[in-house]
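K.L.:
Structure provided below as structure tokens; questions to follow.
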Amino acid sequence: MSDFFSDGFFNNINLQDSSNWATDFVQDVIIPRLPEAVAGHFPMELGTVLVMLAFAGIFVAVVPLLPLVLVLAERKVAARFQNRTGPMRVGPWGTLQTLADGVKLIFKEDFIPPQGDKVLFLLAPYVIFACSFAVFAAIPFGDGIPIPGDFNIGIFYIMAISSVIVMGVIMAGWSSNSKWSLLGSLRSAAQIVSYEIPLGLSILTVVMLVESLSMSKIVDTQSGGIFTWLIFRSPFTFIAFFIFFISSIAEVNRTPFDLPEAESEIVAGFHTEYSGMRFALFFIAEYANMFAVSAIGVTLFLGGWQGVLPGFDFLGGFPGFVIKTLGLVFLMMWLRWTLPRLRVDQLMNLCWKYFIPISFFNILGTGIWGLIFKEDNVWSIGISCAIIYVGLISAYAIAGRNLARRPEPQPS
Amino acid sequence: MDRYIRNIYKGVYTVLVGMRITIRQFFEPNVTHQYPYEHDFEKKRNVREIPKGYRGQLYNRIEDCIGCKKCELICPVDCITITGDKLPKGEQLWDSMNVIHLKDGREIIGLIEGEDKKLNLDEEMTVTNITSRQGPQEVVDRLEQSGDESRTQTISGSEVSRVVTRNPVVFYLDQFDIDMSLCMYCGLCTEVCPTECLTMIDTLEGIEYSKFDRTDLIFNFDKQEMYGKDEAETEEAAD
Amino acid sequence: MESTQQTESKIIELKPFTDEMVVNMGPQHPSTHGVLRLELRLDGEIVREAIPHIGYLHRCFEKHSENLSYPQIIPFTDRMDYVAAMNQNWGFCLAVEKLLEMDETKDFAVPERAEYLRVLICELNRIASHLLSFGTYGMDIGAFTPFLYAFRDRERLLLLFEKICGARLTYNYIRIGGVSEIIPMEPGSIDEQNYLDEIESFLDYFEPKIDEYNDLLTSNSIFSERTMGVAVMPAEMAISYGATGPNLRGSGVDWDLRRDEPYSIYDRFDFDVPVAKDIPELGAVLGDCWSRYKVRMDEMKESVKIVRQILAEGLPDGPVMADLKAVRPPKGEIYYRSEAPRGELGFYIVSDGTPKPVRVKGRSPCFSALSALQELSRGLMVADIIAIIGSIDIVMGEVDR
């Protein structure tokens, strides 16, 4: 253990990697285009910082469009699940509805509760907004697309940043001086803190197999087609994927884990008292979060931007990555419009009694798996896929037996 | 341990069953329609029409109203206001009239010739002094062509669904107001109306009549133009 | 010293004292089913006490009735339980008919055809009411989709009501001595046949849907976790609070006025009365939220059964209205009760021989069931309060009248 620290675990964190692409960009793109007189005296450091700021600006301008699309998609998908059409009035097929809503929210009164904590109240939406967008910095979107935050501890950074969101939620709930908000924020705090654990543990199974925390390295190891995707690498990552997915739904406060904003219980939870643009920030952050956790799930388990087959581009590259991510987002919506909501103690039960033990079991299993198969080869992947296949088939068989007699006996 | 695994299994299984049901609905057609844009209820699989007899806005065909005040009495919320005087004896506007409901939905208001107490629906009947007709446009047109001059129409008894006899008007109406903001759409007034002139509009106009001002919801059914100054004209209109 | 230490170590303060928080749930709240106000005294998420405050929808029905003639009161009964207005009409008309001493021996009995129409429409209305209850309960628990599925099916039923009485919600269809003739439907006519065919096609569509809803919500493990074993109302408690209808049967008391005190022509139909049972293998406890909810789901099937029997028999010929000149009951008083979707709906009417009643009192099933809330909710969580309100299926219009 002392070795661990004396080796300087924290010294090994290479945050400087992130500036490489910006330096490269300055050297390769900007300097050749400058007049020779200027090029020689071009301030590299300042240029690098400026390039990074410019990219950050583009990023901040473009990424909020994503929630705009996702909010509309959510409403349309929900409508389809319920035999409706969803918004239809603004723009063709209601496609500009979110834009109209956004404009409406901007012009609404920015209400601040007079008895509340004003500073925290004003700050909270920005904390949540900033944190949910900072996550995007470390996600590898595609081949050749620069990752602004390509640290060697990328996934660790994501975990750390997304944990800060709970601070914003507590700030919002506390400073609103509303009892419903307080209840919502306390629920949220308990929930997010609890679900970080199975989330982290299931990420750990991936990290154990890849032996790296770097997002780009995790993607690189999955380059050999669908069967080298980490979800099929071992039976334990298969289970870990589902735990990761469900925990991440809990992380982003969506049904069945939407207790912090449970409409039928505590009105709107921590953002009850917010209005106007501040409310819109919460909303955007929620959907950005949803996309972010799906993107992380795709990167960790579903091959990132790597395609289905090694040679082909099918489901690969940036479009493939987005398609896979939206697939997970759709799954989240599907779950949301199917399931009821858990109670707070059952939520904790699910986390502490089911997910965490299973996650530990997963880690144990992954360790043993790593001992048996020192390197990934055809055998290890074949055996893993066979185990997953047999498991699914037997589950299906049991389900078929249960289908014959309905699971719920009729009271006679 | 058995219970633990069973719980996991049950949770996953029931969630999947639910998801199967919702995804099936995902590919089902819509059940809603875009109301103000599709308000014509054009032929579409799931768009419905307003059924006949829907209880919409109250409408009084004032030229047939005899001012009996039955509707005002029965109204549970007092939304109908009628004021008027009794006419002096011998000055009533018309004698008894018959409202003849035909089986195709038309109504003819007139006087059945040679009417006695028992109406024989097997024979033809001649209606004279026809004052108003309702029904499909082509039917009204046909009636206009056939016998408007004489205001007489011969109808075979098999066409007739029922006949309502209307008492002679003895009441001079000053005011017939219906406050639709008070109305509770119970339809009791239309049931007691002896001449069936008070009806509820069962078309879109009877449903979509919202106003910006509450006072606009008080509908005046004015009989004043009917009681013209010219006595002869009045007779003409009333008959 | 040691012994005291031992005892002290045993007394772990499991429930440390925290400040109580008083929260007003309602009258504007998404899931208090209207304008119920609950004064919650909370210890964190735990509810120390939930005190219901009612009266936000009070419209003086009983006082109002004293100034109206009997037929005029019927539209006001629509406004009591607006989810099942047909049954409210019927409850009142039954009481007045009893007061008028209408029966077969008199010349103004309720005609056979009217009785059949009443049972037909009221059972359909019961389905509509339970559908709404199912949908809103799903929404209370957090599933929004069942709510819209329920409304999708309820819409078809409302269309049927609209066709026979001209209104979607406040029907004023059942009258003293028969049913309304506002939209005439000749016996044996093509209209009648079309109408019955439409009902048949609805039932064919709807019956498999009940199983689908059971799969979607009833047997869902999250839903059953939320409702099973929550707010158990034992049979004695249900009886002592005067809970009736599905709430009483959810506690295991086999009591249904349609079967045990048959009014109208219910004795001619063959139907079961669903009563909740302990189901240990599922985790359902007799008298919990799930049992009450499940009784409603099963009752829909029974209503379908009754309607199918009527459709098989066909409506009899004859008039739909008794030959009744004026409603002027003799001097006297009456209490008559019928089985509305939410339980025993009783009307107590005092007549002095004039066309207007001296006193009308409605015995609302929701009011009695709601009074049990305070005892049921003690020590549960905030989310459970919502589950209880949904499971006792209150309509504030009826509670406050």
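Just so it is clear, none of the values below were taken in a lab; they were calculated from the coordinates. Only a predicted model underlies this, so the values are computations on that prediction, with no experimental measurement involved. As a convention, Cβ positions derive from the backbone with ideal geometry for all residues, glycine included, and neighbour counts pool all protein chains shown.
K.L.:
Kindly put B:78, B:179 in sequence by how many other C-beta atoms sit within 10 Å of each C-beta, fewest to most.
P.N.:
Least to most surrounded, the residues fall as B:78, B:179.
K.L.:
Let me ask something else about it. Run the helix sum for chain A: -39,500 (n - 2.57) per DSSP H stretch of 4+ residues, divided by residue count, reported at 222 nm to the nearest 500 deg cm²/dmol.
P.N.:
Result for chain A: -20500 deg cm²/dmol, rounded to the nearest 500.
K.L.:
Residue by residue through A:85-94, how many Cβ atoms from other chains fall within 10 Å of the Cβ on average?
P.N.:
1
K.L.:
Work out, step by step, the length gained on full extension between residue A:89 and residue A:371: first 0.36 nm times the residue separation, then minus their alpha carbon distance; give nm to one decimal.
P.N.:
Net length gain for the segment: 95.6 nm.
K.L.:
Something else: Test of understanding: what is the full-extension gain from residue A:130 to residue A:54, defined as 0.36 nm times their sequence separation minus their Cα-Cα distance?
P.N.:
25.7 nm
K.L.:
Can you tell me the length gained on complete extension of the stretch residue B:211 to residue B:5, counting 0.36 nm per residue apart and subtracting the Cα distance?
P.N.:
Going from the current span to full extension adds 67.9 nm.
K.L.:
With angles folded into 0 to 90 degrees, how steeply does helix C:382-392 sit against the dominant principal axis of chain C? Use alpha carbons for both and round to 10.
P.N.:
20 degrees
K.L.:
About its Cα centre, what dipole magnitude does the stretch C:19-126 give when the only charges are +1 on Lys and Arg Cβ and -1 on Asp and Glu Cβ, stated in debye to the nearest 20?
P.N.:
300 debye
K.L.:
Within 10 Å of each Cβ in C:206-213, how many Cβ atoms from other chains are there, averaged over the peptide?
P.N.:
Mean partner-chain Cβ count within 10 Å for C:206-213: 1.
K.L.:
Taking 51 Å as R0, compute the FRET efficiency from the Cβ-Cβ separation of residue A:330 and residue C:240 and round it to 0.05.
P.N.:
0.50
K.L.:
With label points built 7 Å along Cα→Cβ from the Cα atoms of residue C:62 and residue B:182, find their separation and express it in nm.
P.N.:
Output for this residue pair reads 2.6 nm.
K.L.:
What FRET efficiency, computed as 1/(1 + (r/R0)^6) with R0 = 25 Å and r the Cβ-Cβ distance, is obtained for residue B:220 and residue B:69, rounded to the nearest 0.05?
P.N.:
Rounded to the nearest 0.05, the efficiency is 0.90.
K.L.:
Taking loop as defined by DSSP and a crowding limit of 15 other beta carbons within 10 Å, which GluC sites (Glu not before Pro) in the stretch C:69-134 fit?
P.N.:
C:101, C:104
K.L.:
Then there is this: Helix C:145-165 against the longest principal axis of chain C: what's the angle in degrees, Cα atoms only, rounded to the nearest 10?
P.N.:
20 degrees
K.L.:
Kindly put C:65, A:163, A:234 in sequence by how many other C-beta atoms sit within 10 Å of each C-beta, fewest to most.
P.N.:
Sorted ascending by nearby Cβ count, the order is A:163, C:65, A:234.
K.L.:
Pop a pseudo-label 7 angstrom from the Cα along the beta-carbon direction at both residue C:159 and residue A:386 and give the gap in nm to one decimal.
P.N.:
Each label point is offset 7 Å from its Cα along the Cβ direction, giving 5.7 nm.
K.L.:
Per residue of B:181-194, what is the mean number of Cβ atoms on other protein chains within 10 angstrom of that residue's Cβ?
P.N.:
Average per residue, whole number: 4.
K.L.:
Okay, helix-only estimate at 222 nm for chain C: each DSSP H run of n ≥ 4 adds -39500 (n - 2.57), divide by all residues, round to 500 deg cm²/dmol; what do you get?
P.N.:
-14500 deg cm²/dmol
K.L.:
Could you tell me which of C:54, C:357, C:241 has its Cα farthest along the dipole of chain C towards the positive end, charges placed at Cβ (Lys, Arg +1; Asp, Glu -1), taken about the Cα centre?
P.N.:
C:357
K.L.:
For chain C, give the share of DSSP beta bridges that are antiparallel, in percent and rounded to the nearest 5; count only bridges with both residues there.
P.N.:
Of those bridges, close to 100 percent are antiparallel.
K.L.:
Mind telling me which of C:280, C:234, C:27 comes out most flexible in a GNM of chain C, alpha-carbon contacts under 10 Å?
P.N.:
In this elastic network of chain C, the residue with the biggest mean-square fluctuation among C:280, C:234, C:27 is C:280.
K.L.:
Related question: Could you let me know the centre-to-centre spacing of the stretch C:175-245 and the stretch C:126-156, using Cα atoms, in angstrom?
P.N.:
11 Å
K.L.:
Report the relative contact order of chain C, percent, no decimals, based on alpha-carbon pairs under 8 angstrom and at least 6 residues apart.
P.N.:
Worked out over chain C, it gives 26 percent.
K.L.:
Here's another thing I want to ask about it. For the stretch A:246-328, take the alpha-carbon Rg, divide it by the Kirkwood Rh, and send me Rg/Rh.
P.N.:
Taking Rg over the Kirkwood Rh, I get 1.14.
K.L.:
Roughly how many whole Å is it from the C-alpha centroid of the stretch A:105-174 to that of the stretch A:342-365?
P.N.:
Taking the Cα centre of the stretch A:342-365 as reference, the centre of the stretch A:105-174 is 26 Å away.
K.L.:
Another one. Cut-off 10 angstrom, C-alpha nodes, Gaussian network model of chain C. Which of C:87, C:220, C:247 fluctuates the most?
P.N.:
C:220
K.L.:
Let me ask something else about it. Return the long-range amide H neighbours of residue C:358 (sequence gap of 5 or more, or a different chain), with a cut-off of under 5 Å between placed amide H atoms.
P.N.:
C:350, C:351, C:352
K.L.:
For residue A:104 and residue B:12, what is the calculated FRET efficiency with R₀ set at 35 Å and r taken between the beta-carbons, to the nearest 0.05?
P.N.:
0.30
K.L.:
Could you give the angle, 0 to 90 degrees to the nearest 10, between helix C:112-141's Cα long axis and the longest principal axis of the Cα atoms of chain C?
P.N.:
It is inclined by approximately 20 degrees.
K.L.:
Treat chain C as a sphere of radius equal to its Kirkwood radius over Cα pairs and apply Stokes-Einstein at 10 °C in a medium of 1.306 mPa s; give the translational diffusion coefficient in µm²/s, rounded to a whole number.
P.N.:
This corresponds to a translational diffusion coefficient of 71 µm²/s.
K.L.:
Along the Cα→Cβ direction, 7 angstrom out, place labels at residue B:174 and residue A:33. What is the inter-label distance in nm?
P.N.:
8.8 nm
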